[in-house]
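The values are calculated or read from the model by the stated rules, or taken from the named source; none is laboratory data. This structure is a prediction, so every number in the text was calculated from the model and none was measured. Quick reminder, even Gly has a Cβ in these numbers, built from the backbone with ideal geometry, and neighbours come from all protein chains shown.
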Amino acid sequence: MISIFDRRAFLRLCAAAGAFLSRKAEPQEPLVPRVSRSPVKNRKDYVGIQVRGFAWVDEGVEQVLDNIQLKGDVNTVWAYTFSYGEQRLQKNGPIPLPDHGKPGNSIAAGAFYDYDPKYFQNTILKDFRCPVYGKFNVIEAVAPKAKARGMDFFAWDLNNASSALNNAVANYPEVSEIDVYGRRNNRPCFNNPDYRAFLSGKVESLLSGYPDLVDGIAWGSERMGPFENMIGGVTLPSCFCRFCRAKARALGISVPRAQAGYRELEQLYQNAALNNRPEDGYFVSVWRLLLKYPEILSWESLWTNSYQEVQAQLYGLAKAIAPAKPFGFHIMQTMTFSPFFRAEEDYTKLRDFSDFLKIATYNNAGGPRMAKYLNRLSDTFFHDATPPEFLEFYYQIMNYHEAPYDKLATTGLSPDYVARETRRALVGVAGEVQIYPGIDIDVPTLIKTDAPVKHTAPADVRASLKAAFGAGANGVILSREYAEMWLANLAAAGNTLREIFAQSRG
Ligand SMILES: [Zn+2]
C-alpha cells in the first residue's frame, strides 16, 4: 500500500468524481484513476463475513454478533445494505436452513437503510427502500453494537442483476440492457447515466449519510460481457442500448457489424447444441468468426471497460468523500474457472482502483461449479471435445491440479486451489491491494449432478484457511453467507483463525 499522500493525484481523482456526479459527457477512454493513495485504514488479520438482512431480523443483532465474533473470530461485518432479492431459507429448500435462523420464503429487494433523496437527484432510480423487514435500518441497528465489540461495519453493496429489482424499484426496467435482438433484459446497463448516478448516489449516501457508522464499503456486481455470457449460457448478447451504441461509435466500433457478428456466433452455438458440426469444427469456426467480425471482441471490451470504468469512478468518489475508509470489490468465482473472464479481471488493472479484493475461492462448491463451466465450454467454444478430453489441457492453462472430471462434484476443489488463486492475486496486485480470499463454509451449488455433491466439514474449513494464509492472504471473508453456515463449521473457522493469528504474532 502506498502511503505517501499525493495531493495532485488526489485532486485529479476528486475532479473525476465530481464530473461523474454532475453527469457530464462520458469520457471516451476508461477513467482509471491511478492514484497515490492517502493512508487507508486496513485492519490487520481482517476477517469478514457476509450477513443477510433477514439474519439480523430473525435471530437478533446481538445473537448474530455473538455467533460471528465468538464462534467465527470475525472482526468485520459485511452487512448487506442493498439486496438484489434475498430469500429466507427453508428446512428442505434448495439452500437448506442450517442449525440457526428461521425458515421462510419472503423476498426482499432494495436498500436496508434510510437515505437522503438529495443523493439521487440525478437519477430516475430514487425510490428503492426495501419495505419487507418493517423498514429495518441495518446500519443504525448493527453498526453501533458491532463497534461496541471492537468490530468494524462495512456496507456490502452487491448489485447483481435480478428481476426482483425490476419489481421492487420504480423505473428500474428503464435502465436495463438491450440485447442483440432489441429486447430488454433484467440487467442494468453500466453506460446508462441513470444507473451510474444511482450507483454513485448509493456510495455517497453510505459514506456521507453515515460518516460515523460505515467503516468501509465492499462493492460487487456479478456480471460479465456478452462474449463470456454466451459461453456461460447466461443470456443473449447485450448491451446495444443507445448509450452503448453512442459510445461504440465514438470509439470507432461499427454497431451493425458487432450485431451481425454476435448473431452469427449465436447461430454457431445453436448448431453446436444440435451437434451440427461445421466441416472445420467448432473452434476453427469460432476463430474464423472473430477474424471476420473483430467487433465481437471490441464489444466485449466495450462492456468490460465500461464496467471497470464504473468501478474506478465509484472508487474515486469514495476516496473523495472518505479517503481513509477501505473501498474494495468482490470478484466472482467465474474468474477462477474461465480463462476468458480471468483475462478480463486483470489484477494489474484492478489494483489501480481498489483498496482490497475479495476473491471468490469457494473450493467445496467449486467442484460442481467448475464441472458446470467445463460443460458450458464443451457446449460452445470447445464443442469439438468433451470435458474429460480437454481437462488436462484446461488445468495446464489455469495452473490447477484438481480431480478428474467425474470426481469433481464429489471431491470439490482442493485447498491448493485456494492457495494458487491467492498467490496469483497477490502477485497481480504487487502489494498495493489487500487480498481476501473467500473461504467456503457451506456455499451452496444449486447444480444438479448425478454424483453426490461435496459438503463442507470442519476439516475443510480448517484446510482452506491454512491454505489462504499460507499463501500470504491479508485476511479472509468467511463465505458465502452467515445464514447458510452450520455453526460447527463457523466454529472451526474461528478456532483455526485464532491458532493462525497466535502463531503469526508469536
Ligand atoms: Zn447499454
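A few remarks follow.
- When residue 365 is tested against (1) modelled with pLDDT of 95 or more; (2) in a helix (DSSP H, G or I); (3) buried (at least 21 other Cβ atoms within 10 Å of the Cβ); (4) over 22 Å from the mean Cα position of the chain (by Cα), only condition (4) is not met.
- Residues in the stretch 205-238 that are crowded, with 23+ Cβ neighbours inside 10 Å, more than 30 Å from residue 382 (Cα to Cα) and among the aliphatic types (A, V, I, L, M): 206, 214, 217, 218.
- Checking each residue in the stretch 239-259 for being surrounded by 15 or more Cβ atoms within 10 Å (Cβ to Cβ), within 14 Å of the ligand (Cβ to nearest atom) and assigned to a helix (DSSP H, G or I) picks out 243, 244, 245, 247, 248, 255, 258, 259.
- Filtered residue count, the stretch 310-340, keeping only those that are assigned to a helix (DSSP H, G or I) and either of a type outside the set (S, T, N, Q) or touching a Ser or Thr at 6+ places or on another chain (Cβ under 9 Å) (or both): 17
- Annotation: residue 110 fulfils all but one of (1) surrounded by fewer than 22 Cβ atoms within 10 Å (Cβ to Cβ); (2) of a type outside the set (S, T, N, Q); (3) touching a residue at least 60 places away in the same chain (Cβ under 8 Å); (4) closer than 23 Å to residue 203 by Cβ; the unmet one is (3).
- So residue 297, is it in contact (Cβ under 8 Å) with a residue 24 or more places away in the chain, within 16 Å of the ligand (Cβ to nearest atom), farther than 29 Å from residue 77 by Cβ and aliphatic (A, V, I, L, M): no
- Test for residue 258: is it closer than 18 Å to residue 229 by Cα and touching an Asp or Glu at 6+ places or on another chain (Cβ under 6 Å): yes
- Those residues of the stretch 223-232 which are more than 16 Å from the ligand (Cβ to nearest atom) and touching a Leu at 6+ places or on another chain (Cβ under 8 Å), in sequence order: 230, 231
- Residues of the stretch 341-361 that turn out to be under 22 Å from residue 76 (Cα atoms) and assigned to a loop (DSSP other than H, G, I, E, B), as a count: 4
- Per the conditions (1) surrounded by fewer than 15 Cβ atoms within 10 Å (Cβ to Cβ); (2) more than 16 Å from the ligand (Cβ to nearest atom), the sole criterion not satisfied by residue 128 is (1).
- Near pairs, Cβ below 7 angstrom, 6+ apart or cross-chain, from the stretch 236-256 (farther than 18 Å from residue 267 by Cα) to any residue that is part of a loop (DSSP other than H, G, I, E, B) and more than 10 Å from the ligand (Cβ to nearest atom): 240/180; 247/26; 250/28; 251/28
- When the residues of the stretch 300-312 are filtered to those that are within 16 Å of the ligand (Cβ to nearest atom) and polar (S, T, N, Q), the one that is nearest to residue 247 (Cα to Cα) is 306.
- Matching residues in the stretch 383-402 - criterion: being more than 23 Å from residue 230 (Cβ to Cβ) and part of a loop (DSSP other than H, G, I, E, B): 399, 400, 401, 402
- Against the test of being crowded, with 23+ Cβ neighbours inside 10 Å and closer than 26 Å to residue 305 by Cα, the options 408, 413, 317, 377 yield a single qualifying residue, 317.
- Checked against (1) of a type outside the set (Lys, Arg); (2) away from the ligand (no atom under 16 Å from the Cβ); (3) within 24 Å of residue 480 (Cβ to Cβ), residue 235 meets all criteria but (2).
- Meets criteria (buried (at least 18 other Cβ atoms within 10 Å of the Cβ), within 19 Å of residue 227 (Cα to Cα), among the aliphatic types (A, V, I, L, M) and in contact with a helix residue (DSSP H, G or I) (Cβ under 7 Å, 6 or more places away or on another chain)) for residue 331: no
- Counting only strands (runs of 3 or more DSSP E) that sit wholly inside the stretch 146-204, those with at least 2 residues that are buried (at least 22 other Cβ atoms within 10 Å of the Cβ) and more than 16 Å from the ligand (Cβ to nearest atom) are 152-158.
- Test: residue in the stretch 208-216 that is within 16 Å of the ligand (Cβ to nearest atom) and touching an Asp or Glu at 6+ places or on another chain (Cβ under 8 Å): no
- Some residue of the stretch 420-427 being touching a helix residue (DSSP H, G or I) at 6+ places or on another chain (Cβ under 7 Å) and either more than 22 Å from residue 48 (Cα to Cα) or surrounded by fewer than 22 Cβ atoms within 10 Å (Cβ to Cβ) (or both): no
- Of all residues in the stretch 122-133, those that are under 13 Å from residue 197 (Cβ atoms) and without any contact (Cβ under 8 Å) to a residue 24 or more places away in the chain total 0.
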